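Comments concern the structure below.
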Amino acid sequence: MQIDKNISLKPYNTFGIDVLAGFFASFGTTDELEELFNAFAAKEKLILGGGSNILFTQNFDGLVLKNELKGISLVKEDANHYYVKVAAGENWHGFVMHCLAHNYAGLENLSLIPGNTGASPMQNIGAYGVEIKDVFESLEAWHIAGGKTVLFTNNDCEFGYRESVFKRKFKNQFVILNVTFRLNKKPVFNTSYGAIEQELEKMQVKELSIQAISQAVINIRSSKLPDPKEIGNAGSFFKNPQITNAQFDELKKEYPTIPGYPAESINRQTYTKVAAGWLIEQCGWKGYRLGDAGCHAKQALVLVNYGNAKGNEIYALSEKIIESVQARFGITLEREVNIL
Ligand code: FAD
Ligand code: EPU
């Protein structure tokens, strides 16, 4: 196994932040993973997928472990479903394309999300009306302290909006090895997100298909989200805040155009999800740039690195945005991106 020392992580994070990793190695099997954990027992470890949801604010002195577990297999079939198991180091969009090619339905709305399949349960990735929890069957994860592989069902993962046990009570305790999805034989089309219908019309789609929905999602995403190959970013920097319906009604009186969507109820309290991009835009940040750190001109929820920004500069900008949204709307934005 190759172990590199003091290497730049710039090519390994979509923000393009230039920090150093004390040690860097890849693993392609669970045995290699275990060996590396044993050899570097005293060092801090970071499991790295595609680096598309991380902001590095300092050098990482420990061991960065790049996940290279590969393989996709159909493990089971019943009357209505295909059960497809994918290794954690497979690229997410590549996996979605594989499913579309085999007519496994359910992931089409999640096309073009960067990163690896292993990170997808971490924050229950979601887009265009679907979250992975809707099609997630189970996952296997390696328990770092116990050195054993553990099976997690959908319930075990405690999925929520951009949340799971792996971000909360089991943070840094498991390495996700593979994920099994329960995909439909007969597609259930989800075009509830308004922009999809409009895009399908523009594409002049005559017969709806999972392939057409995927293409519509790809077109919409490409039109507003910056491509990390061109401008460094990690997608939405903040979550869309969820406030009580009563709070939302109050804000709506003052700001009649504030966009809000029904969110899940918690303890019988009903919530509205507010578009953070709108709140940030109202505070005047959209298109803002200081040095190489900025707020994207087409999507205010996306913070960007125009070239050589430091992680600290992006973080400082996020602090200023949180303060101004708090001062104007009384809403506290929470970061979605993992800060290191
Ligand atoms: P990384 O950034 O490498 O890791 C993220 C976190 O997960 C880290 O804490 C890491 O240690 C941990 N981790 C990674 N792999 C494992 C593993 N196998 N076991 C244990 N821990 C692990 N997200 C959405 O939900 N919806 C979107 O629409 C969306 N759009 C995006 C658009 C753009 C342009 C970009 C850049 C990002 C977007 N994201 C979106 C965020 C990101 O793509 C997802 O969060 C993705 O799942 C991250 O995958 P990754 O492999 O890059 O994770
Ligand atoms: N808006 C503005 N100004 C902006 C941006 C957005 O006013 O600069 C308003 C618009 O009214 C728009 C609404 O916000 O209609 C929603 O915007 P958009 O459809 O672009 O989605 P979003 O809420 O900003 C969320 C996810 C994205 C996901 C899209 C599509 C979060 C934090 N973000 O963004 O996920 O792709 O919906 O479903 O939930 C990610 O997590 O990294 C990510 C990109």
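FYI, it's all coordinate maths here, none of it is from the lab. What you see is a predicted model; the values in this text were computed from it and never measured. Neighbour counts are summed over all protein chains in view; Cβ atoms, including those assigned to glycine, are modelled from backbone coordinates with ideal geometry.
General observations
- Debye, to nearest 20: dipole size of region 212-340, +1 on Lys, Arg Cβ, -1 on Asp, Glu Cβ: 200 debye
- Total charge dipole magnitude, region 72-184, about the Cα centre, Cβ charges on Lys, Arg, Asp, Glu only, Debye to nearest 20: 400 debye
- I125 sits among other residues whose Cβ lies under 10 Å from its own Cβ, and their net charge, with Lys and Arg +1 and Asp and Glu -1, is +1.
- Spacing of the two label points (7 Å from each Cα toward its C-beta) at D4 and S209, in nm: 4.1 nm
- Reach of K70 by Cα under 15 Å, taken over aspartates and glutamates that are not fewer than 8 positions away in the same chain: D31, E32, E90, E140
- Cross-linked pairs K171/K239; K133/K286; K76/K206; K5/K171; K133/K171; K85/K229: Cα-Cα separations exceed 21 Å for K133/K286; K76/K206; K5/K171; K85/K229.
- Listed by chain and number, the lysines placed with their C-alpha closer than 22 angstrom to that of K202 are K224, K298; residues fewer than eight positions away on the same chain are left out.
- Counting other Cβ atoms within 10 Å as a rough exposure proxy, the listed residues D61, D78 run D78, D61 from fewest neighbours to most.
- Expected-Rg normalisation [2.2 N^0.38 Å, Cα atoms] applied to the chain: 1.02
- Size descriptors for region 4-67 (Cα atoms only): Rg and Dmax, in that order, 11.3, 31 Å.
- Highest GNM mean-square fluctuation among K286, K202, K320, for the chain modelled with Cα contacts below 10 Å: K202.
- Relative contact order (%) - criterion: Cα under 8 Å, at least six apart; region: the chain: 16 percent
- When the chain is treated as a GNM with alpha-carbon contacts under 10 Å, the residue of G232, G160, G146 showing the greatest mean-square fluctuation is G146.
- Ranked from largest, the principal axis spans of the Cα set of region 72-184 equal 39, 27, 23 Å.
- Computed about its Cα centre, the charge dipole of the chain is approximately 360 debye, with only Lys, Arg, Asp and Glu carrying charge at their Cβ.
- Ellipticity estimate at 222 nm from DSSP helix runs (n ≥ 4, -39,500 (n - 2.57)) divided over the chain, nearest 500: -7500 deg cm²/dmol
- Our compactness index for region 232-339, the C-alpha radius of gyration over the empirical 2.2 N^0.38 Å, is 1.11.
- Between V179, W92, A119, the Cα set farthest toward the positive side of the dipole of region 72-184 (charges on each charged residue's Cβ, about the Cα centre) is that of A119.
- Among G284, V19, I314 - extreme Cα towards positive end, dipole of the chain, charges at beta-carbon: G284
- Of V205, V96, V302, the one that fluctuates the most in a GNM where the chain has Cα springs shorter than 10 Å: V205
- Across region 80-91, rounded Karplus estimates of 3J(HN,Hα) from the backbone phi angles (6.51 cos²θ - 1.76 cosθ + 1.60, θ = phi - 60°) give 10, 10, 10, 10, 10, 9, 10, 6, 4, x, 6, 5 Hz, Gly and Pro being marked x.
- F56, F166, F40 arranged by Cβ crowding within 10 Å, fewest neighbours leading: F40, F166, F56
- Each residue in M97, M122 was given a count of other beta-carbon atoms within 10 angstrom of its own, and listing them fewest first yields M97, M122.
- Across region 126-197, C-alpha contacts under 8 Å between residues 6 or more apart give a mean separation that, scaled by the residue count, equals a relative contact order of 40 percent.
- Whichever lysines have a C-alpha closer than 17 Å to that of K252, once near sequence neighbours (fewer than 8 apart) are set aside: K273
- Under 5 Å, built H, 5+ apart or other chain: amide partners of H81: K185
- The residue list L151, F166, A141 was ranked by how far each Cα lies along the charge dipole of region 133-174 toward its positive end, using unit charges on Cβ atoms, and F166 comes out on top.
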